[in-house]
1. Test of understanding: ordering 313, 249, 224 by Cβ neighbours within 10 Å, fewest first, what list do you get?
2. Hey, if you put +1 on the Cβ of every Lys and Arg and -1 on every Asp and Glu Cβ in the chain, which of 85, 124, 60 ends up farthest toward the positive end of that dipole?
3. Strictly greater than 17 Å: what percent of every Cα pair in the range 19-141 meets that?
4. Which value in Å is the Kirkwood Rh of the range 127-279 over different Cα pairs?
5. In whole Hz and in residue order, list the ³J(HN,Hα) couplings for the range 415-425 that follow from phi through the Karplus curve 6.51 cos²θ - 1.76 cosθ + 1.60, θ = phi - 60°; x for Gly and Pro.
6. On C-alpha positions alone, give me the angle between the axis of helix 285-300 and the longest principal axis of the chain, in degrees, nearest 10.
7. Can you give the angle from 0 to 90° between the axis of helix 73-86 and the longest principal axis of the chain, with both taken from C-alpha atoms, to the nearest 10?
8. Work out, step by step, the length gained on full extension between residue 374 and residue 71: first 0.36 nm times the residue separation, then minus their alpha carbon distance; give nm to one decimal.
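Every number here is computed from the coordinates shown, using simple stated rules; none is lab data. Given the structure is predicted, the values throughout are model-derived calculations rather than measurements. Using ideal geometry, Cβ is built from the backbone for each residue, glycine included, and neighbour counts are taken over all protein chains shown.
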Amino acid sequence: MIVVLLAFDRRKNYFPGLTALCLNASLPTTGAITFTIPNKVGTGGYAYAPLDPSPIGISFEFFVFPSYLTNVTATQQCLSNWKSLTVVWPPIRIGETTQDRAQYDSKTSAYVVYSVADAKDAPSVLTFGPKFMTLAGTYGGSVVVGLNRGKNNIDNMIAAAKVAVSEVKNLLAIEQNDWNIRVGSAVGKTNIIQAGNWNDAPPKWGASQLIATENATVKPYVRHYARHNYPGGTIQSLMTHSTISNNIHTFDTDIVAAQAIGKEYVFGETNSVSGGGAAGVSPTFGAGLWTMDYALRATYSNMSRTYFHHGTHLLAGASHLTVLDSGSTNYAAYATFDSKGLPLRVLLYISDYYAGSGTRTTQSFTLTGLTSATVRAKRLTAASATSRVDQGSPPSFGGQQFGNGSCAISGTETFETTFVSGGQASFSVKATEALLVYLQ
Ligand SMILES: *[C@@H]1O[C@H](CO)[C@@H](O)[C@H](O)[C@H]1NC(C)=O
Ligand SMILES: *[C@@H]1O[C@H](CO)[C@@H](O)[C@H](O)[C@H]1NC(C)=O
Ligand SMILES: *[C@@H]1O[C@H](CO)[C@@H](O)[C@H](O)[C@H]1NC(C)=O
Ligand SMILES: *[C@@H]1O[C@H](CO)[C@@H](O)[C@H](O)[C@H]1NC(C)=O
């Protein structure tokens with residue numbers, strides 16, 4: 001029997017009510033899965049990924065970036081929700097399709113100039129002015145700017161790269177495929193190029209193949225290697241834990257090749273489905289769970305940063321991440337460690353698909369190696385994998401929700417408290433649900 005206490009949040013002195021629930025033992029449950037939490041980073045026979053201060057970031061389509069920053073109020077709200085959680089602004093990247101259609105115009109006073117027949121269309125040609133880079137430079141976090149190679153005009157690109165370097169103080173990298181030397185030397189900087197953006201998947205084409213073609217003059221200009229990835233599929237295939245870990249394993253060789261020459265490897269642009277997403281998949285809770293598991297699995301595999309929407313709370317303030325499960329089942333367990341190497345949080349995830357009807361199964365997890373008398377947890381749940389905020393069925397995390405279109409947080413933060421006995425505690429997680437357990 002598991003006793004779950006819905007307790008108050010000590011930090012905010014809320015008291016939403018102290019409720020003791022005894023979870024119904026007759027719920028359909030498969031055998032408990034047990035994980036031992038390593039007592040210190042580097043132990044227990046697991047692989048550990050050192051964490052970037054801000055491993056999860058956001059990618060903006062090039063031509064709408066000024067509009068997102070100046071006209072969409074939810075953008076600032078979402079970014080600042082993130083910052084209040086992780087202390088640092090999430091890294092951003094500006095690029096995608098319209099990056100390869102953009103020409104720099106030093107004379108224009110506008111951010112971007114283009115015309116489209118329908119407001120939902122992406123322009124086939126556009127120009128951008130110095131103000132575009134000035135705006136990017138106002139952002140508090142790191143910025144990767146994608147510049148055009150599609151038009152094959154290197155002089156125009158160098159002119160744009162020079163403005164980017166002078167205006168974007170937090171510029172992390174300029175994104176493009178080659179021309180590394182000419183652009184890097186023109187702006188007088190090494191460690192400035194985000195290299196790669198390939199349509200073929202490894203092992204056909206990836207960082208390891210690219211690195212093999214690069215000589216010692218080129219490499220110093222590369223700051224990191226980047227990959228685009230859109231796994232696609234149905235909600236169910238997308239959110240299945242074993243599918244996610246297999247997908248991430250595709251990049252193992254590339255990551256090792258980049259690490260071998262002392263460079264980072266990032267997902268420069270990624271999301272569930274390419275081409276702006278699929279209406280029946282991308283806005284759902286199941287796709288949100290994919291985002292969470294995918295970002296964690298990528299980070300564990302030493303992907304330094306992953307640029308997309310949404311994220312997870314597990315990594316905030318942590319310095320190392322490991323995976324406790326094998327990656328071959330529907331059940332995931334991730335553990336993070338603080339700067340002293342002590343266990344910080346554990347995320348339990350059941351990727352069994354629940355579409356909203358029939359029996360929702362429950363899985364029991366037992367964690368061993370716990371050192372406190374009680375642990376607190378927050379639950380990430382929704383009515384089903386197909387739940388959507390815009391259809392009035394918002395997912396909740398620890399009892400709180402994000403507003404439809406506004407990104408404002410509502411509801412009272414709620415923790416479940418579980419007693420630890422003999423260093424062990426058990427947790428019930430339903431199909432299509434995750435539980436974040438706080439160990440400190
Ligand atoms: C913001 O919206 C206004 C009014 O619709 C529009 O005139 C302006 O061009 C927009 N700004 C950007 C950067 O898109
Ligand atoms: C290194 O590669 C670049 C780009 O392919 C080429 O222009 C340059 O001549 C090469 N340098 C040497 C020393 O081979
Ligand atoms: C990630 O890199 C670290 C070295 O920085 C290594 O110890 C670890 O095994 C790597 N993780 C994986 C999953 O390969
Ligand atoms: C959420 O916002 C969208 C866009 O304004 C609107 O179409 C939709 O009806 C809203 N959904 C709910 C549940 O209010």
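1. Fewest-to-most Cβ neighbours within 10 Å comes out as 249, 313, 224.
2. The Cα lying farthest towards the positive end belongs to 85.
3. Here the tail beyond 17 Å accounts for 71 percent of pairs.
4. Details: mean 1/r = 0.0598 Å⁻¹.
Evaluated over the range 127-279, this radius sits at 16.7 Å.
5. So the Karplus estimates, Gly and Pro as x, are 10, 9, 10, 10, 7, 9, 10, x, x, 10, 8 Hz.
6. In the chain, helix 285-300 runs at an angle near 80 degrees to the longest axis.
7. With both axes taken from Cα atoms, the answer is about 60 degrees.
8. Contour length minus Cα-Cα distance gives 104.5 nm.
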